[in-house]
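We did not get these values from a lab; they are worked out from the coordinates using the rules stated. Here the structure is a predicted model, which means the values were calculated and not measured. All Cβ positions, glycine included, derive from the backbone under ideal geometry; neighbour counts span all protein chains shown.
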Amino acid sequence: MSFTVAIDGPAAAGKGTISKAVAAHFGFAHLDTGLLYRAVGQRMLMGEEPIAAACALVAGDLEHPDLRTAEAAQAASKVAVIPEVRSALLDFQRAFARRLGGAVLDGRDIGTVICPEAEVKLYVTASDRARAGRRHKELVERGRHISFETVLAELQERDARDQARATAPLKPADDAVLLDTSDLSIDQAVERAVAVIGVRATRA
Ligand code: DC
């Protein structure tokens with residue numbers, strides 16, 4: 001039986017951490033769909049045309065060591081505006097969502113476009129300052145010298161682009177459960193997500 005959990009939200013809201021934890025809790029497979037766009041963005045940074053890059057994407061691209069950099073994030077957000085890039089990545093995501101045994105997908109358009117029929121939809125968000133604070137801490141721990149203000153500005157620029165694009169913009173699905181993690185610890189946020197999913201899973 002398939003069971004799809006769609007988790008959307010802006011950058012650094014905690015989607016990735018929550019998705020991994022709930023996938024482990026329920027024994028579901030997990031796909032971080034942002035990595036697909038980051039891999040296309042990374043190929044673009046290396047000189048490839050984005051649509052051709054999206055069509056040629058292979059599993060090995062997702063292992064590229066630079067995919068977590070701020071440059072790859074901005075490049076991902078830029079290629080994600082191109083409708084042909086999005087459609088080249090669609091079938092893979094839908095097939096993943098419907099695999100047997102359950103799947104968690106996190107991204108920007110999972111509940112609205114990729115899996116409108118998902119059994120559970122969560123929209124994870126947090127204040128701009130809370131999100132920028134987390135991302136800043138992460139970068140500093142990795143040895144980057146970058147100011148909080150720069151991180152905040154980059155994050156807001158990326159969110160604005162993701163929300164304003166014509167195709168599959170970032171927004172909550174009408175039937176998504178909202179989870180604001182601004183004042184929650186990781187454990188509390190995961191606990192709430194597990195509770196929402198658990199209720200639906202017992203009904204399925
Ligand atoms: O989740 P992330 O920060 O790794 O995503 C990087 C960029 O990829 C994000 O700014 C927009 C794009 N993206 C998207 O358009 N649709 C998705 N489902 C996932 C990511």
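Observations on the structure shown:
- Selection of the range 96-110 for residues being in a helix (DSSP H, G or I) and within 8 Å of the ligand (Cβ to nearest atom) yields only Ile110.
- Test for Leu45: is it in contact (Cβ under 8 Å) with a residue 12 or more places away in the chain, under 23 Å from Gln156 (Cβ atoms) and hydrophobic (A, V, I, L, M, F, W, C): yes
- When the helices (runs of 4 or more DSSP H) confined to the range 1-95 are screened for residues that are near the ligand (Cβ under 8 Å from one of its atoms), those reaching at least 1 such residues are found at 15-26, 34-45, 70-79, 83-88.
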